[in-house]
Amino acid sequence: MKIIKYQLMTEVNHGTEEQPDIQQIFSDVTLGWSEANEEIAKREAYNGEYTIEEEPDDRTLEEIRADKLAELSASCNDAITAGMDVETTQGTEHFSLQETDQINLTTALSAVQAGASGYPYHADGQLCRLFTAAEIQAIAAASVKHKLYHTTLCNHLLTWARRAETREELSGITYAADGLSEDLASNMAAVLAAAAGDNNA
């Protein structure tokens, strides 16, 4: 974790208004790094001088592991709810998958499966319109594929994090399939291929 360190100078009058005795008081300031905090440091730091340092990580391996597991789970949820693009009669449209979106999509799919020729729905930022049964089915299928990919990826990343043996290995795990070991990558590919086969059957 990066931190910003600088000295803040304030002037204090230890005298009177007629006979001022101005003294400079210096205090050390430490902030977690962010672009906003760096702007604060630029304004407040004495002579504009500040440093950006790496803060020593004194967490235990198990604490780092717990934080990594939580980070991966949160990234998975964010990726799922961000949704996916789907080709519709209007072109490429984006559909978020927040909890209410998933409920609404399930309701729409149930309606067309029961025989409805269409159902009112809307893409992100678009006016509600009557989607055809085929469009609803396409959106639902895309949402299943999207969720399956991310839940499968997350499961394999969590497995990697649980078996990691060093701080360096844990810190190198990000929410991406690129770094998966050969056994995890092969298993993930097999799971997704099997799921795709079942959906196409």
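The values are calculated or read from the model by the stated rules, or taken from the named source; none is laboratory data. It should be emphasised that the depicted structure is a prediction, and the values quoted were computed from it without experimental measurement. Cβ: placed from backbone, ideal geometry, glycine included. Neighbour counts: every protein chain shown.
Structure data summary
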{"read-out": "Residue match in the stretch 184-197 (condition: at pLDDT 95 or above and not in a helix (DSSP H, G or I))", "value": "no"}
{"read-out": "Residue count for the stretch 71-99, restricted to those that are of a type in the set (Val, Ile, Thr), farther than 19 Å from His150 by Cα and without any contact (Cβ under 8 Å) to a residue 40 or more places away in the chain", "value": "1"}
{"read-out": "Which numbered condition Thr51 misses (of (1) in contact with a Lys or Arg (Cβ under 9 Å, 6 or more places away or on another chain); (2) surrounded by fewer than 15 Cβ atoms within 10 Å (Cβ to Cβ); (3) closer than 30 Å to Trp160 by Cβ)", "value": "(3)"}
{"read-out": "Number of the exception - Ala111 against (1) without any contact (Cβ under 8 Å) to a residue 40 or more places away in the chain; (2) outside any strand (DSSP E or B); (3) surrounded by 12 or more Cβ atoms within 10 Å (Cβ to Cβ); (4) in contact with a Leu (Cβ under 9 Å, 6 or more places away or on another chain)", "value": "(4)"}
{"read-out": "Single residue of His146, His156 found to be touching a Gly at 6+ places or on another chain (Cβ under 9 Å) and touching a residue at least 24 places away in the same chain (Cβ under 8 Å)", "value": "His146"}
{"read-out": "Qualifying residue in the stretch 71-81 (condition: surrounded by 13 or more Cβ atoms within 10 Å (Cβ to Cβ) and either part of a loop (DSSP other than H, G, I, E, B) or outside the structural domain of Leu130 (by TED's automatic domain parsing) (or both))", "value": "no"}
{"read-out": "When residues of the stretch 114-139 are limited to those that are under 23 Å from the mean Cα position of the chain (by Cα) and surrounded by fewer than 19 Cβ atoms within 10 Å (Cβ to Cβ), the one nearest to Ile80 (Cα to Cα)", "value": "Asp124"}
{"read-out": "Breaking point among (1) in a loop (DSSP other than H, G, I, E, B); (2) out of contact with any Asp or Glu (no Cβ under 8 Å at 6 or more places or on another chain), for Asp124", "value": "(2)"}
{"read-out": "Per-region count, the stretch 51-69, residues under 19 Å from Leu31 (Cα atoms) and in contact (Cβ under 8 Å) with a residue 60 or more places away in the chain", "value": "1"}
{"read-out": "Check on Ala70, closer than 30 Å to Arg167 by Cα, at pLDDT 95 or above, under 24 Å from the mean Cα position of the chain (by Cα) and not aromatic (Phe, Trp, Tyr)", "value": "yes"}
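Condition check ((1) touching an Asp or Glu at 6+ places or on another chain (Cβ under 8 Å); (2) surrounded by 15 or more Cβ atoms within 10 Å (Cβ to Cβ); (3) among the polar types (S, T, N, Q)) across all residues:
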{"position": "Gln19", "(1), (2), (3)": "no, no, yes"}
{"position": "Ile25", "(1), (2), (3)": "yes, no, no"}
{"position": "Glu39", "(1), (2), (3)": "no, no, no"}
{"position": "Glu44", "(1), (2), (3)": "no, yes, no"}
{"position": "Asn47", "(1), (2), (3)": "no, no, yes"}
{"position": "Asp58", "(1), (2), (3)": "no, no, no"}
{"position": "Met84", "(1), (2), (3)": "no, yes, no"}
{"position": "Glu99", "(1), (2), (3)": "no, no, no"}
